[in-house]
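Just below is one structure, and these are the notes that go with it.
The values are calculated or read from the model by the stated rules, or taken from the named source; none is laboratory data. What you see is a predicted model, and the numbers here were worked out from it, not measured in a lab. Glycine also receives a Cβ, built like all others from the backbone with ideal geometry; neighbour counts cover every protein chain displayed. Ligands, DNA and RNA are stripped out before the accessible areas are found, and what is left, the full protein with its side chains, is counted by its heavy atoms. Shrake-Rupley method; radii C 1.70, N 1.55, O 1.52, S 1.80 Å.
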Amino acid sequence: MEATTLFDKIWDAHVVNIIEGGPSVLYIDRHFIHEVTSPVAFSGLEGRGLKVFRPQNTVATPDHNVPTIEQHLPIREELSRKQVETLTANCERHNIPLYGLSHKWHGIVHIIGPELGITQPGMTIVCGDSHTSTHGAFGSIAFGIGTSEVEMVFASQCILQPKPKKMRINVEGTLAKNVTSKDIALYVIAKISTSGGTGHFVEFAGSAIRSLSMEARMTLCNMSIECGARGGMIAPDETTFAYLKGREEAPKGAAWDQKLAEWKKLKTDDGAVFDTEYTYDAADISPMITYGTNPGMGVGVQGSIPTGDDLTGSDRATFLKSLEYMGFKPGEILKGKKIDYVFIGSCTNGRIEDFRLFAEYIKGKKKASWVTAWIVPGSKQVEQQIREEGLVEIMESAGFALRQPGCSACLAMNDDKVPEGKYAVSTSNRNFEGRQGPGARTMLASPLVAAAAAVSGFVSDPRE
Amino acid sequence: MGFTLTFFLYPLSFFNQINMIEKFNKIVSSAVPLPIENVDTDQIIPARFLKAVERKGFGDNLFRDWRYKKDGTPNPDFALNNPKYSGTILVAGKNFGSGSSREHAAWAVYDFGFRVVVSSFFADIFKGNVLNNGLLPVQVSEDFLTGMFEAIDKNPAASFEVDLQSQTIRNVSLSTEYKFDINPYKKECLLKGYDDIDYLLSLKKEIISFETAK
C-alpha cells in the first residue's frame with residue numbers, strides 16, 4: 001500500500017464527491033460558530049427557506065465581542081450586544097447548542113472545543129475564524145472559513161474545498177528551559193515568512209513536538225495560519241488520549257475503546273511524501289518577540305531588528321513602513337525598550353498552562369507601575385482552574401487583576417483596546433497595524449516573555 | 001474534456017436562481033494602485049467595523065485606518081482618496097488578504113465598487129472568500145504587477161482588460177498580456193453566476209448516504 005500522510009488519511013475519509021477539475025465536497029464533522037461571522041450566514045440560509053441541516057454537529061459561543069468585566073450585566077455597547085443577542089436567537093431558532101456568557105462552559109471557541117472534548121482526532125472541523133487551526137493539535141483537519149462557507153456548512157454539513165498541498169515541519173531535539181511552543185511558532189514563521197505556508201496544510205512532527213503538552217500543541221497549531229497555511233496538525237498520541245479521556249463530550253466506555261483503536265492508526269506512514277518539508281533544531285530556538293507588523297517579523301528577545309540592507313524595492317519599502325509604524329529603527333536592539341501594556345490571553349495563549357507559566361514568573365515580584373496588564377482567561381473553566389490553583393492570589397499580590405473570558409485585546413472588538421502609539425507585549429497571534437486598537441503597537445511573545453515585560457516594564461529576557 | 005463532462009452531469013437545473021452571485025465576464029477599466037505588500041484583512045476592514053449583523057455598507061470602511069486621518073477626514077495621500085485614480089480594478093502588492101478569515105474584507109472591497117483584485121500572491125482564505133462574492137482575484141507575475149504599477153504611474157487613466165473566459169489580463173499601455181489561473185469550477189460559477197450552496201443542496205442524497213456509511 002502506498003505510504004500516505006495523516007492529512008490525506010483524514011481528508012480522503014471525508015470526501016463526499018469530487019468535482020472534476022474543481023474542489024472536493026468535504027464532509028464536516030464539527031462546526032463551531034461565534035457572533036461575528038455567523039449572522040449573515042444565518043440570514044442567507046433563512047433567505048433560501050432552509051434550516052441548519054445538522055444542528056447537533058454545530059456548537060456556538062459568543063467570544064469576539066464580549067466584555068471581560070461585569071459579564072453578568074447586559075453588554076453596554078449596542079452593536080456588540082445586538083450581535084450576541086442575534087447569535088442567541090439564531091441558535092434558539094435552529095436548535096444549536098450555545099455556550100452563552102452565563103454558561104459555566106463559556107469561553108473562546110478554540111479553547112472550549114478542546115476543553116469539552118468536542119474536538120477529537122480524525123475529525124474535520126471548521127469555524128468562521130482563521131484560528132480554527134488550533135484544533136489540529138488533536139490530529140484533526142481544522143481550518144478557518146468565510147461566511148459564505150459557514151452558510152454552506154449550515155445548509156449541507158459540507159463545503160467545497162480544493163485539496164491543499166502538504167508541508168511537514170520537523171522540530172527535533174530538546175527545547176531549552178523557558179522556551180515555549182509560542183517561541184517555536186514565532187521562530188518558524190520568521191524563517192518561512194507569513195506567506196511561506198500558503199496553499200499548504202502543515203503537519204508538525206519531530207521529537208520536540210512530541211514532547212509538548214496538549215496546551216502547547218494547541219498554541220503551535222493555532223499560529224500555523226500566521227505562516228499562511230490553511231492549518232496545522234499533530235498526530236495524536238498518548239498525550240492526546242490522556243488529555244481527552246473523561247472530558248464531557250469525549251466518548252465513554254466501549255465507545256472510547258473503539259475510538260481509541262481508530263485514533264491510534266492516525267499517523268503519517270513512513271516514506272509518505274510532502275510537497276514541502278523543513279527541519280529545525282529545537283536548541284536553536286530562544287524566547288522570541290516581534291518588532292514589526294506581521295508575525296513573521298520576529299527575533300530572539302536578545303536579538304536586534306534586521307537592518308533591511310539586503311532588501312530592495314517594495315520589500316524594503318514595506319519593511320520600513322512597518323518599522324515606522326512601530327516607532328523602531330533598523331538594526332535596533334529590542335531588549336530594554338519601554339512598554340506600556342501587557343496582554344495574557346487569547347485562543348493562542350489563554351489556557352491554564354499559560355497562566356501557570358505567567359504566575360510562576362511573577363510570584364513574589366511586582367508589576368511595573370506604568371504597565372497596564374490585561375490577564376484574560378480563555379474560558380470559564382480556565383478561570384476556575386486559575387482560582388482553584390491559587391494563581392489569583394499570586395497575581396493580585398503582584399498587582400495584577402484577573403478578568404473574565406473572551407477574545408479581548410487580541411483583536412480589540414470590545415473595550416480592551418491599546419491606545420494609539422502605546423507598546424503592548426501580547427501573547428496573542430497578530431501584530432498587524434491597529435490590531436489591538438487604532439495606532440496600537442503590538443509585540444507578540446510567549447506568556448513568559450510577556451510576564452518579564454510586565455514586571456520590568458521593558459522588553460526583557462525571562463531567563464535573566 | 002473532463003470539465004465539460006462535469007457540467008453536463010450537473011446541469012443548470014441544479015442551481016436554483018434565488019441567490020445567484022453577479023455574473024463576471026469581461027472588464028475594461030483603469031485601476032487603483034496599492035503598492036503595499038502583506039496587506040492583511042485587518043487593514044482591509046478593521047475588527048471594530050465587524051459588528052454589523054447584515055451584509056451592507058462595508059465599503060465605507062474599506063482600508064479605514066489608511067483612508068482616513070485620526071480626525072475622521074480623508075487622508076489625501078491614500079490612493080482611494082486621490083481623484084486621479086478610479087476604476088473597478090484594485091492592484092495590490094504581494095500576499096494580499098493575509099490574516100483573519102473575515103469575509104467582511106471581501107464584502108468591503110466589492111461594496112466599494114471593485115470587481116477585480118490583482119496581486120502577485122493572495123492569501124488562501126481571502127482568495128476563496130472573494131470568489132464566493134463575484135469578485136475576481138487575478139494572480140500575476142511580479143514582472144506583470146510591476147508593469148501595471150508603472151503604467152498607472154505614467155498615466156493614472158491607463159486601461160486594463162480582464163477577460164475571464166480567456167483567463168487573460170492585458171496591460172493596454174505596455175501591450176503586455178498575462179494568462180492567469182483559476183479553478184475551472186470557480187470560473188464557471190463566476191461566468192454563470194452560480195452559487196456553491198445550490199450545488200451542495202443538489203447533493204443532499206449523497207451527503208446523507210455518506211453519513212450513514214461513516
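Pull up the cross-link candidates among the aspartates and glutamates for A:LYS422, meaning alpha carbon to alpha carbon under 13 Å and not fewer than 8 places away within one chain.
Counting by Cα, and skipping residues close in sequence, A:LYS422 has these aspartates and glutamates nearby: A:ASP340, A:GLU433.
Taking R0 as 41 Å, what's the FRET efficiency between A:LYS365 and B:LYS70 from their Cβ-Cβ distance, rounded to 0.05? Could the numbers behind the result be given before it?
On the way: r = 37 Å, r/R0 = 0.90.
Efficiency for this residue pair is about 0.65.
If you take every residue apart from B:TYR199 with its C-beta less than 15 Å away from the C-beta of B:TYR199, what net charge results, scoring Lys and Arg +1 and Asp and Glu -1?
Working: positive: A:ARG48, B:LYS186, B:LYS187, B:LYS192, B:LYS204, B:LYS205; negative: A:GLU20, A:GLU149, A:GLU151, B:GLU188, B:ASP195, B:ASP196, B:ASP198, B:GLU206.
Once all neighbours under 15 Å are counted, the net charge is -2.
Roughly what angle does helix B:204-213 make with the longest principal axis of chain B, taking Cα atoms, 0 to 90 degrees, to the nearest 10?
70
In Å², what does the accessible area per residue of region A:138-213 work out to with a 1.4 Å probe? List each step's numbers first, then the result.
Numbers: 1810 Å² over 76 residues.
Accessible area per residue, region A:138-213: 24 Å².
For an R0 of 30 angstrom, estimate the FRET efficiency from the Cβ-Cβ distance between A:LYS165 and A:ASP315 and round to the nearest 0.05.
Values: r = 24 Å, r/R0 = 0.81.
After rounding, the FRET efficiency stands at 0.80.
Does region B:57-185 come out rounded, prolate or oblate by the C-alpha gyration tensor, with a ≥ b ≥ c the root eigenvalues, rounded set by a/c under 1.5 and, if not, prolate when a/b is larger than b/c and oblate if not?
oblate
If the only charges are +1 at each Lys and Arg Cβ and -1 at each Asp and Glu Cβ, what is the size of the charge dipole of the protein assembly as shown around the Cα centre, to the nearest 20 debye? The partial results should precede the final answer.
Working: 72 positive and 80 negative charges, 165 e Å.
With Lys and Arg at +1 and Asp and Glu at -1, about 800 debye.
So what's region A:324-378 giving for Rg/Rh, alpha carbon basis, Kirkwood Rh from the mean inverse pair distance? Mind dumping the intermediate values first?
Values: Rg = 14.0 Å, Rh = 13.3 Å.
Here Rg/Rh amounts to 1.05.
I need the shape label for region A:263-391. Rule: rounded when a/c is under 1.5, else prolate if a/b > b/c, else oblate, with a, b, c from the alpha carbon gyration tensor. Show your work: numbers first, answer last.
On the way: a/c = 2.31, a/b = 1.10, b/c = 2.09.
Note, shape of region A:263-391 comes out oblate.
At a Cα cut-off below 16 Å, give the lysines reachable from B:LYS186, other chains included and same-chain residues fewer than 8 away excluded.
Hits, sequence-local ones excluded: A:LYS163, B:LYS23, B:LYS26, B:LYS127.
With unit charges on the beta carbons (Lys and Arg positive, Asp and Glu negative) and the dipole taken about the Cα centre of chain B, which residue among B:ALA157, B:VAL28, B:TYR194 sits farthest to the positive side?
With unit charges placed on the Cβ atoms, the residue in question is B:TYR194.
So how strong a dipole does region B:106-156 carry about its Cα centre when Lys and Arg Cβ are +1 and Asp and Glu Cβ are -1, to the nearest 20 debye?
Details: 3 positive and 6 negative charges, 39 e Å.
Around 180 debye, computed over region B:106-156.
What translational diffusion coefficient, in µm²/s and rounded to a whole number, does the Stokes-Einstein relation yield for region A:330-423 at 37 °C and a viscosity of 0.692 mPa s, taking the hydrodynamic radius as the Kirkwood radius over Cα pairs? Display every interim value, and only then the final one.
Working: Rh = 14.0 Å.
Estimated diffusion coefficient is 234 µm²/s.
Please turn the phi angles of region A:264-274 into ³J(HN,Hα) values with the Karplus equation 6.51 cos²θ - 1.76 cosθ + 1.60 (θ = phi - 60°), one per residue in order, whole Hz, x for glycine and proline.
Whole-Hz 3J(HN,Hα) from phi for region A:264-274: 5, 7, 7, 7, 6, 5, 4, x, 5, 9, 9.
So what is the calculated 222 nm ellipticity per residue for chain A, using -39500 (n - 2.57) for each DSSP H run with n of 4 or more, over all residues, to the nearest 500 deg cm²/dmol?
Working: 16 runs with 148 residues, N = 464.
After summing the helix terms and dividing by residue count, I get -9000 deg cm²/dmol.
Considering all projection directions equally, how large on average is the shadow of the alpha-carbon convex hull of region A:10-60, in square nanometres? Numbers along the way, then the final one.
Numbers: hull surface 19.2 nm².
Across all orientations, region A:10-60 yields a mean hull projection of 4.8 nm².
Starting from the Cα-Cα distance between A:GLU238 and A:LYS177, subtract it from 0.36 nm times their residue separation and give me the gain in nm to one decimal.
Details: separation 61, 0.36 × 61 = 21.96 nm, distance 2.31 nm.
Residue separation times 0.36 nm, minus the Cα-Cα distance, leaves 19.6 nm.
Semi-axes of the equivalent ellipsoid for region A:173-259, please: Cα gyration tensor eigenvalues, times 5, square-rooted, ordered largest first, whole Å. Please report the intermediate quantities before stating the final value.
Numbers: eigenvalues 151, 51, 20 Å².
In descending order the semi-axes read 27, 16, 10 Å.
About the Cα centre of region B:135-214, what is the dipole size in debye to 20, counting +1 per Lys and Arg Cβ and -1 per Asp and Glu Cβ, all else neutral?
Numbers: 9 positive and 14 negative charges, 62 e Å.
So the magnitude is around 300 debye.
Starting at the first residue of region B:194-199, write each ³J(HN,Hα) from the Karplus equation 6.51 cos²θ - 1.76 cosθ + 1.60 with θ = phi - 60°, in whole Hz, x for Gly and Pro.
Calculated HN-Hα couplings, in order: 6, 10, 4, 5, 4, 5 Hz.
Within 10 Å of each Cβ in A:402-411, how many Cβ atoms from other chains are there, averaged over the peptide? Display every interim value, and only then the final one.
Values: counts 0, 0, 0, 0, 0, 1, 0, 0, 1, 7.
Rounded to a whole number, the mean comes out at 1.
What FRET efficiency, computed as 1/(1 + (r/R0)^6) with R0 = 41 Å and r the Cβ-Cβ distance, is obtained for A:ALA3 and B:GLU150, rounded to the nearest 0.05?
Working: r = 48 Å, r/R0 = 1.18.
Efficiency for this residue pair is about 0.25.
What is the log10 of I(q)/I(0) for the protein assembly as shown, computed with the Debye formula using one identical point scatterer on each Cα and no solvent, at q = 0.05, 0.12 Å⁻¹?
-0.21, -1.38
Looking at the protein assembly as shown only, what percent of DSSP beta bridges run antiparallel? Nearest 5 please. Could you put the intermediate results ahead of the total?
Values: 27 of 78 bridges.
So the antiparallel bridges in the protein assembly as shown amount to around 35 percent.
Assuming 0.36 nm per residue, please report the length gained on full extension of the stretch A:SER43 to A:GLU464 beyond their Cα-Cα distance.
Working: separation 421, 0.36 × 421 = 151.56 nm, distance 5.43 nm.
Working it through step by step, the gained length comes to 146.1 nm.
Going from the alpha-carbon gyration tensor of region A:1-115, what semi-axes, largest first and in whole Å, does one get by taking the root of 5 times each eigenvalue?
Working: eigenvalues 215, 68, 27 Å².
Result for region A:1-115: semi-axes of 33, 18, 12 Å.
My understanding is that a pair violates if its Cα-Cα distance is over 23 Å; which of A:LYS245/A:LYS265; A:LYS367/B:LYS51; A:LYS417/B:LYS51; A:LYS337/A:LYS367 do that in this structure?
Numbers: A:LYS245/A:LYS265 17 Å; A:LYS367/B:LYS51 34 Å; A:LYS417/B:LYS51 16 Å; A:LYS337/A:LYS367 16 Å.
Beyond 23 Å between Cα atoms: A:LYS367/B:LYS51.
What is the interface area between chains A and B, defined as buried accessible area summed over both chains with a 1.4 Å probe, reported in Å² to the nearest 100?
Details: alone 17980 and 11570 Å², together 24500 Å².
Result for this pair: about 5100 Å² buried.
If the cut-off is a Cα-Cα distance under 20 Å, which aspartates and glutamates reach B:LYS187, setting aside same-chain residues fewer than 8 apart in sequence?
A:GLU20, A:GLU149, B:GLU22, B:GLU103, B:ASP124, B:GLU161, B:ASP163, B:GLU177, B:ASP195, B:ASP196, B:ASP198
Using the Karplus curve 6.51 cos²θ - 1.76 cosθ + 1.60 with θ = phi - 60°, work out ³J(HN,Hα) for each residue of region A:408-417 in order, rounded to whole Hz, and write x for Gly and Pro.
6, 6, 4, 10, 6, 7, 9, 7, 7, 10
Say the dipole of chain A comes from +1 at the beta carbon of Lys and Arg and -1 at that of Asp and Glu; which of A:TRP370, A:HIS14, A:CYS227 then lies farthest toward its positive end?
Selected residue: A:TRP370.
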